[in-house]
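What follows is a single structure, written as structure tokens, with notes after it.
No lab work stands behind these numbers, since they all come straight from the coordinates. Model, not experiment: these values are computed from the prediction. Methodologically, a virtual Cβ is constructed for each residue, glycine included, from the backbone with ideal geometry; neighbour enumeration extends over all protein chains shown.
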Amino acid sequence: MNKTIIFDLGGVLIDWDPRYLYTSYFETKESMEHFLANICTQEWNEEQDGGRSIKEANAYLIPKYPEYSKEILAFYGEWEVMLKGTIPETVEILRAIRKSEKSVYALTNWSAETFPVAIRRFEFLSWFDGILVSGQEKLKKPDPKIYQLILQRYNLKAEDCLFIDDNLKNVTAAIKEGISSILFESPAQLKRQLLQMGYSI
């Protein structure tokens, strides 16, 4: 059984979705999905996770799509609306693991500029023994270097760690670095797999 658990945050412990914001900006679901698929895309957002500033992100996108300037500025101007809250069942799993005296860390792809909002909103983030934020490091999953970095920074051994993430690419990359991993699909699935591995939760 691994004695150190490394959690992803968004999609695993925190319910984040830009649709929580943009349903109020678009009259139809189709127009909203077009905007998210073609303008404020996942790839664009991930550049901020990798260290690009919000100012630079807006300066890049608005000249390309001036007709959507209001909506583009809202992405980070009203970003907190995208944070619906915790995924409570997974937070309870984290609580149980922590009580069992396992070490818990977080490895998250997150903008350095918006992460303080999460720290303010979610008390459970103080439970971690350490958190590595991609935007602060200018390095993001699934780059192998970010897995090596969290191991080095907190003096962890890959073979002692279990990584939990909802993105298959991130899980695959962690496994390649020798870190046992679980692809998160739901709190119930995660709990079932952890119990099968011998964790008391």
### Query
So if R0 is 25 Å, what FRET efficiency would GLU46 and LYS99 give, r being the distance between their Cβ atoms, rounded to the nearest 0.05?
0.15
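Please compute the net charge surrounding ARG52, taking Lys and Arg as +1 and Asp and Glu as -1 over other residues with Cβ under 14 Å from its Cβ.
Residues near ARG52 contribute -4 overall.
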### Summary
In terms of the alpha carbon gyration tensor, root eigenvalues a ≥ b ≥ c, rounded if a/c is under 1.5 and otherwise prolate when a/b exceeds b/c or oblate, segment 7-87 is oblate
### Backbone N under 19 Å from the THR28 label point (7 Å along Cα→Cβ), restricted to segment 58-92
68
### Summary
Per 10 angstrom bin, beginning at 0 and ending with the bin that holds the maximum distance, the Cα pairs of the chain fall in percents of 8, 34, 34, 17, 6, 0
### Task
Select from LEU73, TRP16, GLY130 the residue farthest towards the positive end of the dipole of the chain; place +1 on Cβ of Lys and Arg, -1 on Cβ of Asp and Glu, and compute about the Cα centre.
GLY130
### Query
What residue among ILE119, ILE14, ILE72 shows peak mean-square fluctuation when the chain is described by a Gaussian network model with Cα springs under 10 Å?
ILE119
### Query
Okay, which of segment 33-51 sit inside 17 Å, backbone N to the point 7 Å along the Cα-Cβ direction of SER69?
40
### Query
For segment 129-179 and segment 28-43, what is the separation of their C-alpha centers, rounded to whole Å?
29
### Message
Can you compute the modelled spin-label distance between GLU123 and TYR20, with each label point 7 Å from Cα toward Cβ, in nm?
### Response
1.8
#### Entry: Whole-Hz couplings from phi, Karplus 6.51/-1.76/1.60, listed for segment 195-201; x for Gly and Pro
5, 5, 7, x, 6, 9, 9
### Task
Just add up the charged neighbours of LEU94: K/R +1, D/E -1, any other residue whose Cβ is under 13 Å from the Cβ of LEU94.
0
### Task
Can you check what the net charge comes to around GLN148, using other residues whose Cβ is under 13 Å from the Cβ of GLN148 (Lys, Arg +1; Asp, Glu -1)?
+2
### Task
Please get the size of the charge dipole for segment 125-168, origin at its Cα centre, with Cβ charges of +1 on Lys and Arg and -1 on Asp and Glu, quoted in debye to the nearest 20.
240
